[in-house]
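*Asks:* This is the structure, below, for whatever I ask next.
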Number of protein chains: 2
Amino acid sequence: MAESKITPRAQDFAAWYQDVVMQGDMAEPAEIVKGCMVIKANGYAVWEALQREFDDRFKATGHQNVYFPLLIPQSFLKKEAEHVEGFSPELAVVTIAGGKELEEPYVIRPTSETIIGHFFSRWIQSWRDLPLMLNQWANIIRWELRTRMFLRTTEFLWQEGHTAHSSHEEALDEALRILDIYAEVAEDVMAMPVIKGAKTLSEKFAGALRSYAIEAMMQNGLALQAGTSHDLGQNFGRAFEVQFQTKEGKLDYVWQTSWGVSTRLIGGLIMTHSDDKGLVLPPKVAPMKGVLVPIYRKDEERTAVMETARKLAQDLGIKIDDREGQTPGSKFFHWERRGVPVVIELGPRDVAAGNVVLKRRDTGTKHTVSLAEARHEFEKMLDQIQRDLYSTAKKRLNENSVQANSLAEVEKILRDVTAERGGGKFVFTHLKDDPACEARLKEFKATVRCIPLADEQDGAGTCIITGEHVPKRVVIAKAY
Amino acid sequence: MAESKITPRAQDFAAWYQDVVMQGDMAEPAEIVKGCMVIKANGYAVWEALQREFDDRFKATGHQNVYFPLLIPQSFLKKEAEHVEGFSPELAVVTIAGGKELEEPYVIRPTSETIIGHFFSRWIQSWRDLPLMLNQWANIIRWELRTRMFLRTTEFLWQEGHTAHSSHEEALDEALRILDIYAEVAEDVMAMPVIKGAKTLSEKFAGALRSYAIEAMMQNGLALQAGTSHDLGQNFGRAFEVQFQTKEGKLDYVWQTSWGVSTRLIGGLIMTHSDDKGLVLPPKVAPMKGVLVPIYRKDEERTAVMETARKLAQDLGIKIDDREGQTPGSKFFHWERRGVPVVIELGPRDVAAGNVVLKRRDTGTKHTVSLAEARHEFEKMLDQIQRDLYSTAKKRLNENSVQANSLAEVEKILRDVTAERGGGKFVFTHLKDDPACEARLKEFKATVRCIPLADEQDGAGTCIITGEHVPKRVVIAKAY
């Protein structure tokens, strides 16, 4: 594995991605289980870092973690008409259990609105029981036809928040507060700039009034929907009879939200920052911020180098790669592919001079600093890498955002874009939020990614299909 | 719910347990999904606390977290003969996915030795790849006939460690090191004394050479197997062709271990410490160590009390229960049922006197301390509760451990014991590790819980069935 080459991005972006994932010890395909992957140690550690960032923020905003069953009675899915239509084709169904054919099959959760709706109807009687703000960390199965590690897998890991409120206003506030949390973690932690927006009616979650999402741009210019937050209105409240007595003594259905981010984020992280040498991780999500590679040839060199190395590693809170029988070169290669932000080189000459070399993974540049300053310089470098990765990605997003004012123009920009070849753009244009208009984009496999919440462009205009007035430009792109 | 009574332990221990679980906001049955439960906020927070304790220890001993697929090709289970026999009756089977009948059905993992064996065979070629020490946090489904919340549910959450080694000695060391970690968390964190021992051949894991377990005693004297660690020998290595080149250049099968603890631990925690008033939690796993209940009648009292309360709560790192429209009495009741170790009462007279009242959940005793000493006294009280809960449970274990020297004696002690009535004992007797001998215990529904690793009794003796020499007494009990 360590010997394998990474396909350059310019040659085949999709092949590059697969190589980076595999050689970065992030995941590997589990082709014996259709469309599934094994999340390997480095990948899972990144997921744990992301979980902590989200979980802390959910708890700080009053959410509690709980756990609902994996299996859902098949009949539950049918209670919300749009929901069953949206998810039916993707279900995995348990028909046999404990050696017997089941009277009613269970589906493996493709999402948990239905089973949670059932329990909400048990738990909620009065406005005093509201808001109810729950979250669960869980695995999900959706039988997908085309899969790619992290980006779209039959099974994936996610969190799903489910909340119930006494008014639509409060539910909408919640949905948008969560969208802000998603954007904050994406930008501040993952260094991945995103556009917050509403999904169009034809792209919304099956059963929602309106869905909101954060959309990121990958290095090939394709869009990645990186997190969604849904205003469910009273649809599930009605379907599962979740009624409450209002302060005024009337009966009403609860207003619900649901929202989720998944291991898909890791795919986004990889396609935002990594390069032709392999994985690049922003320091805030990197399982190892740095690693120290000691360099020596003779035994007497070893003693002096290792003594200084141990002190330094302890001071920086990092590990020493002291594997025997591996050259320093093969160690550098090893950590480079795994995306460790800073590799610290320490040889006998460095020790003699009281210096140490810090090498940045993102730029490849080496900085010689004094041992006394090493900790300060290391932390400064981590901060700088985090900031630079964001700036680079933000610049890319800006440079690949373009305006178009006719369908022909949009098509010309996006027609030849593929995940493999790249060249994708975020095309800002005026388009009515109408499935009939959006259907015209299918001819060249593009979609409306979102209607940005902020007006990032030049305001109102006329729809490129119907000529009707629309208040702002939408984002059209090819997407994962 | 808050008005419901808790069945006293003496009346019906099983009903008491169910009441404590429900009213402690720990879980509730999800009877729409056979044998499943919803883990509620307090229960899940305890699980998170336990996860952190175990996870830190696994990582400190060189294990890495990963994630393998939920679904396993049905044929995989059949590769290890004992394994398929052990798990077949409990499998949930996915036969339909994506709208189509599957050519080969998948089972939902009842444990992951088989799918991990498949990947080990890909990843391990040489002694340099060993040891490989992985762990995953996951959900599991085993179709159980009789279920009880936390103790035995169709779906449960657990961690499963899977390691591969180049020698049997190293694998056995690993299995026993993990057993030590399990015992340490059980005793030092959960305040639940356990006996470490080997399972008999008829009680071992399907596919293992030998299983080890920690066994705890519940308040009704029944045993609870609280964690298991398996020496798998080369059984799965052979079944999945996990071969490696030894240092000497030969080919050999790897030596494996697997080990797990699950949400079942929470059931053990509850049945070890809780009382007729509801849940009791040891401070180290309590999601809230304490809560402050302010007491006031008039508005002018409120201002003074709340000002002091806010400072104190911040100092102690706890929350204030400032819910309006609830009496202090109903708040005390609320937190008592949820097992919060220390409730802090603060009224106008306390504020005037510079005092505060700390009430212990376990003993119900109140301690008036000065505000200046509150933090110190609070922390001292938490330490004391943690120690006292352990001592009480340890004393119970000792008092209910008895020796017997004939089958008739064992039967007399255990015959009338049930989960509902209680009266259980750990009966130490000499019995040969032979399924034929153990079968005799089935007549009165007892089992050998373990062959203790330490010789806790009087050494060797003659088997009460065969009269053969056996090196030490085993533990016989009725069990969950």
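*Asks:* Among the residues of the stretch A:164-171, is any touching a strand residue (DSSP E or B) at 6+ places or on another chain (Cβ under 9 Å), away from chain B (no Cβ under 12 Å), closer than 24 Å to A:Asn235 by Cα and part of a strand (DSSP E or B)?
*Replies:* Within the stretch A:164-171, one or more residues are touching a strand residue (DSSP E or B) at 6+ places or on another chain (Cβ under 9 Å), away from chain B (no Cβ under 12 Å), closer than 24 Å to A:Asn235 by Cα and part of a strand (DSSP E or B).
*Asks:* Still on this structure: Please tell me if B:Ile413 is surrounded by 15 or more Cβ atoms within 10 Å (Cβ to Cβ) and without any contact (Cβ under 8 Å) to a residue 24 or more places away in the chain.
*Replies:* When the stated conditions are applied, B:Ile413 passes them.
*Asks:* Take the stretch A:91-131 and flag every residue that is assigned to a strand (DSSP E or B) and more than 10 Å from chain B (Cβ to nearest Cβ).
*Replies:* Listed by number, the residues that qualify are A:Glu103, A:Ser126.
*Asks:* While we're looking at this one, here's another question. Being over 16 Å from the mean Cα position of the chain (by Cα) and facing chain A (nearest Cβ under 8 Å) is the filter; apply it to the stretch B:38-62 and report the residue that is surrounded by the most Cβ atoms within 10 Å (Cβ to Cβ).
*Replies:* Per the stated criteria, the residue is B:Val38.
*Asks:* Would you be able to say whether some residue in the stretch B:154-165 is of a type in the set (S, T, N, Q) and within 26 Å of B:Phe244 (Cβ to Cβ)?
*Replies:* yes
*Asks:* On to the next question. Which strands (runs of 3 or more DSSP E) sit wholly inside the stretch A:330-390 and have at least 1 residues that are out of contact with any Ser or Thr (no Cβ under 9 Å at 6 or more places or on another chain) and small (Gly, Ala, Ser)?
*Replies:* Passing ranges, in order: A:366-370.
*Asks:* Further question: Within the stretch A:63-82, restricting attention to residues that are in contact with an Asp or Glu (Cβ under 7 Å, 6 or more places away or on another chain) and part of a helix (DSSP H, G or I), which residue is surrounded by the most Cβ atoms within 10 Å (Cβ to Cβ)?
*Replies:* A:Gln74
*Asks:* Among the residues that make up the stretch B:425-446, is at least one of them in contact with a Phe, Trp or Tyr (Cβ under 8 Å, 6 or more places away or on another chain), part of a helix (DSSP H, G or I) and farther than 24 Å from B:Ala186 by Cα?
*Replies:* Scanning the stretch B:425-446, I find no residue that is in contact with a Phe, Trp or Tyr (Cβ under 8 Å, 6 or more places away or on another chain), part of a helix (DSSP H, G or I) and farther than 24 Å from B:Ala186 by Cα, so the answer is no.
*Asks:* For the stretch B:6-45, which residues satisfy the criterion of being assigned to a helix (DSSP H, G or I) and farther than 16 Å from A:Leu134 by Cα?
*Replies:* B:Phe13, B:Ala14, B:Ala15, B:Trp16, B:Tyr17, B:Gln18, B:Asp19, B:Val20, B:Val21, B:Met22, B:Gln23
*Asks:* Still on this structure, I have one more. Could you list all residues from the stretch A:33-64 that are of a type in the set (Phe, Trp, Tyr) and within 30 Å of B:Thr95 (Cα to Cα)?
*Replies:* If the condition is that a residue be of a type in the set (Phe, Trp, Tyr) and within 30 Å of B:Thr95 (Cα to Cα), then A:Tyr44 is the only one that fits.
*Asks:* Within the stretch A:63-90, take every residue that is of a type in the set (Gly, Ala, Ser) and free of Cβ contacts under 8 Å to residues at least 60 places away in the same chain and give me the one that is nearest to the other protein chains (Cβ to nearest Cβ).
*Replies:* A:Ser88
*Asks:* Inside the stretch B:391-422, can you point out the residues that are β-branched (Val, Ile, Thr) and assigned to a helix (DSSP H, G or I)?
*Replies:* B:Thr392, B:Val410, B:Ile413
*Asks:* Can you name every residue in the stretch A:132-160 that is part of a loop (DSSP other than H, G, I, E, B), crowded, with 21+ Cβ neighbours inside 10 Å and away from chain B (no Cβ under 11 Å)?
*Replies:* A:Met149, A:Phe150, A:Leu151 - these are the residues of the stretch A:132-160 that are part of a loop (DSSP other than H, G, I, E, B), crowded, with 21+ Cβ neighbours inside 10 Å and away from chain B (no Cβ under 11 Å).
*Asks:* Within the stretch A:370-397, track down each residue that is closer than 25 Å to A:Asp299 by Cα and either β-branched (Val, Ile, Thr) or without any contact (Cβ under 8 Å) to a residue 40 or more places away in the chain (or both).
*Replies:* Within the stretch A:370-397, A:Ser370 is the sole residue that qualifies.
*Asks:* For the stretch B:428-444, check the following and say yes or no: at least one residue is touching a residue at least 40 places away in the same chain (Cβ under 8 Å) and within 22 Å of the chain's Cα centre (by Cα).
*Replies:* no
*Asks:* Here is a further query. Restricting the search to the stretch B:450-474, which residues are out of contact with any Gly (no Cβ under 7 Å at 6 or more places or on another chain) and within 12 Å of B:Thr200 (Cβ to Cβ)?
*Replies:* The one that is out of contact with any Gly (no Cβ under 7 Å at 6 or more places or on another chain) and within 12 Å of B:Thr200 (Cβ to Cβ): B:Val474.
*Asks:* Quick one: count up the residues across the stretch A:109-126 that are more than 22 Å from A:Lys59 (Cα to Cα) and touching a residue at least 60 places away in the same chain (Cβ under 8 Å).
*Replies:* 5
Read the figures in this text as sums done on the coordinates, not as results from a lab. Because the structure is predicted, anything quoted here is derived from the model rather than measured. Using ideal geometry, Cβ is built from the backbone for each residue, glycine included, and neighbour counts are taken over all protein chains shown.
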